[in-house]
Amino acid sequence: MSAGIAPARAREAALLGLGAVTLTLGAGAVLLLLGGYDPVAAGASMLRGSIGSWNTFVSITLVRSVPLLFAGLAVALAFRAGVWNIGAEGQLYAGAVGGVWVALTFTGLPSLLLLPAVLLASCLAGGLWALVPTLMRLRLGIGEVITTILMNFVGIYMAAWMVHGPLQEQRGVFPQTDRIVEAARLPALIPGTRLHIGFGLALVIAAVLAVMFRRTRLGFQIRAVGASPQAAAVAGRIDPARVIFISFLASGAIAGLAGGAEVSGLTYALYEDLSDGWGYTAIAVALLGGLRPGGVVVTAIFFGALQAGAGAMQRDAGIPAAWVDVVEALVILAVLGLDRVRAARAAAPTGEGGA
Amino acid sequence: MNQIELTLFLESAVRLGIPLALAAIGETITERSGVINIGLEGSIIAGALGGALGALAFEGAGLGVLSGAMAGLLVGLVFAVFAIGLGADQIITGTAVTIGGLGMTGAIYQARFGATGTELSLPTLAPVAIPVLSEIPLVGSALFAQAPTAYFAYLMAPIAWYVLFKTAWGLELRATGEAPAAAEAAGVRVRLVRFMATLFGGAMAGIAGAHLALAHAGTFAENMSAGKGFIAIAVVVLGRWNPLLVLFAALFFGAASALQFFLQALGFDLAYQIFLAFPYVLTLAALAGWVGKSRAPAALALPWEPHR
């Protein structure tokens, strides 16, 4: 199934993405007009708030794109393997809790040990959150769509409980943890900006995934199982269960890093509503990026800009920031629609306008 | 637990179960036709806002419910156009419809009532006690002193069951979900059947949303659907795609949700957030314990292209 939404060639994927963005911006402008807003003013404040200056771009847009990048890569990896992991949101929260717990517990460790431990803990926690749906699919044959969504709610409430209960800050007033020690904080990637090393780490993971998909046996197996588990098992003598297990857990671990990097690189504490639905936005990010690591990097930054711009739009033009969710939905629908049109044209017999 | 507490518990169990039942009965019909609509959540929240705005505009909760049904149907239509009309992936389409539904209702609500969210006071759907039946000890008032939408759910479950299993329509619908190729060969218009089944599911989810706003909360709040669409889809699985069992499964989940308030009231010292997570954990556990014994429609989630 995932083969249908992952175009075979990078150029096709890029064209599809551009088409989808154009359609979305058009539809978004019409919706804004219908809502009685000025689309030109909205667009202007959106651009100012996202790429208006170098500092805006780095410290707001790129910073906003970091969790989207991690989570988008996680979703792309899962979807490539035919695993419908809609659970990046819960895995992100689990990762944030795991990371912040290590950072608050092992305060005496030097940074060289503590930082990797924090990130590793968020990977493990995210993977653990994916383990439940993974086992339910592989052992009991229960589809992962519903189970991952249910785990999202459990994850969000678990994090909420942590900041109200076991991990609440010393004075017990605010629903948040204490700030983590200096040694557990990710350093700045570009000195003088808020952009942290997490961005670089996400780029490294994107590169690793790209090489894995193209050059390794596992990458081939993932693509084969994603296209058809039966065919992969029969023709390729691949064990689909093993491939699904690995990609599902790896997807959860990368989504967990989204949460870990956010608390350790930006907020330095865990809050109740840390994520603004990033795990769901990640689905739009992954699809618009053609489920390709390189594409996901571009679209994550694009969505980072959208979210940064939406904030400015709300301040300057009084347009509800919830519009960004509508734009996300439109992007997904545009990708799906254009992809179907592409598939129909590819399938059309020659001589019937198929050239 | 004394009798008054028990009665209160049963009452809130039914009240919380009704929106799940409404949405899940609709989704049962949709899934029986071979379509899984993850966008149900979007239809529910649209139904809640549609119901609220309708009740304000027409100054009556009854027409509000109708507006909610229309709003839910409209969202179902968007899903159907992409997932059935274009044959796009149902899971991803449904996810987009949910994100879009939550965003759109939030944007409309903020545009109309301000970002701070002034508390709306809506004409509410008052409970109607059914004579005699509501006098039954213990369960009477729980089941038969509810909002009219509850009675609609009680009625729709057997009706949906009858249509599904005892009529030619139902046979065509199930054939569409089990063996679309065979259904098409027998002259059934597979995509049309799926379209209608999906619109019905959207409208039912819309009524569920209207119930939330008008019978339950008496107001609209952003994201007030709170994942009920997803739980409803799990309820369909637990009810084994049978509308009557689905009604019971929904009431069971209502009871699970009511338990959280109840245990709290009884003084169980557990954090509030744990209670909030409880229905979701229970849903997962129930899926793990039950689902092995049931089977989804064979062609569920598979797009269909007619052969001309």
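The values are calculated or read from the model by the stated rules, or taken from the named source; none is laboratory data. All of these numbers come straight from a predicted model, not from anything done at the bench. Using ideal geometry, Cβ is built from the backbone for each residue, glycine included, and neighbour counts are taken over all protein chains shown. The accessibility values were calculated without ligands, DNA or RNA, using every heavy atom of the protein model including side chains. Shrake-Rupley method; radii C 1.70, N 1.55, O 1.52, S 1.80 Å.
In Å³ and rounded to a whole number, note down the convex hull volume per residue for the Cα atoms of segment A:53-182.
It comes to 145 Å³ per residue, whole-number rounded.
Could you tell me what fraction of 2.2 N^0.38 Å the Cα radius of gyration of chain B comes to, as a two-decimal ratio?
With N residues counted in chain B, Rg over 2.2 N^0.38 Å equals 0.99.
Provide A:W323, B:W169 ordered by accessible surface of protein heavy atoms (probe 1.4 Å), highest first.
B:W169, A:W323
Let me make sure I get this right: for segment A:203-335, a, b and c are the square roots of the gyration tensor eigenvalues over alpha carbons, sorted descending. Under 1.5 in a/c it's rounded, otherwise prolate if a/b > b/c, else oblate. Which is it?
Here segment A:203-335 falls in the prolate category.
Averaged over peptide A:317-325, how many Cβ atoms belonging to another chain are found within 10 Å of each residue's Cβ?
6
Expressed as a whole percent, how much of the Cα-Cα distance distribution for segment B:169-238 exceeds 18 Å?
Of the Cα pairs, 54 percent sit more than 18 Å apart.
For A:L167, what residues show an amide H to amide H distance below 5 Å, using hydrogens built from the backbone and excluding near sequence neighbours?
Here the answer is none, since no amide H 5 or more places off falls under 5 Å of that of A:L167.
Could you order peptides A:218-224, B:94-100 by the average number of other Cβ atoms within 10 Å of their residues, highest first?
For the peptides A:218-224, B:94-100, the packing ranking is B:94-100, A:218-224.
With unit charges on the beta carbon (Lys/Arg positive, Asp/Glu negative), name the residue among B:L284, B:I4, B:G94 whose Cα is farthest towards the positive pole of the charge dipole of chain B.
Working it through, the farthest residue towards the positive pole turns out to be B:G94.
Taking the convex hull of the Cα atoms, report for segment B:44-110 its projected area averaged over all directions, in nm².
Over all viewing directions, segment B:44-110 projects a mean Cα-hull area of 4.3 nm².
How are the alpha carbon pair distances in chain A distributed across 20 Å bins from zero to the largest one, expressed in percent?
Per 20 Å bin, starting at 0, the Cα pair percentages come out as 30, 57, 13, 0.
Ignoring ligands, DNA and RNA, what accessible area per residue does the protein assembly as shown give at 1.4 Å, in Å²?
Dividing the accessible area of the protein assembly as shown by its residue count gives 41 Å².
Would you work out which of A:G143, A:S264, B:L133 lies farthest towards the positive end of the dipole of the protein assembly as shown? Charges go on Cβ: Lys and Arg +1, Asp and Glu -1.
Working it through, the farthest residue towards the positive pole turns out to be A:G143.
Where in chain B are the DSSP H helices whose alpha-carbon span along the long axis reaches 18 Å or more and whose Kyte-Doolittle mean is at least 0.5?
Helix filter hits for chain B: B:3-32, B:40-58, B:61-80, B:90-113, B:148-166, B:190-211, B:243-265, B:272-290.
Normalise the Cα radius of gyration of segment B:207-308 by 2.2 N^0.38 Å (N = residues in it) and let me know the number.
Taking the Cα Rg and dividing by 2.2 N^0.38 Å, one obtains 1.32.
Could you list the square roots of 5 times each eigenvalue of the Cα gyration tensor of segment A:128-249, that is, the equivalent ellipsoid semi-axes, sorted largest first and rounded to whole Å?
37, 24, 9
Per residue of A:158-168, how many C-beta atoms from partner chains lie within 10 Å of its own C-beta, taken as a mean?
The per-residue average across the peptide is 3.
Kindly provide the helix-only [θ] at 222 nm of chain A, computed as the sum of -39,500 (n - 2.57) over DSSP H runs of four or more divided by all residues, to the nearest 500 deg cm²/dmol?
-23500 deg cm²/dmol
Residues of A:132-143, mean number of Cβ from any other protein chain within 10 Å of their own Cβ, rounded to a whole number?
That average works out to 3.
So how much accessible area does B:M196 have, in Å² to the nearest 10, using a 1.4 Å probe?
120
How long is the gain from A:I51 to A:R11 if the chain were fully straight, where each residue apart is worth 0.36 nm and the alpha carbon distance is subtracted?
11.8 nm
Using the alpha carbons of the protein assembly as shown, what is the convex hull volume per residue in cubic angstrom, as a whole number?
169
Quick one: check the C-alpha center-to-center distance for segment B:23-65 versus segment A:168-232, whole angstrom.
38
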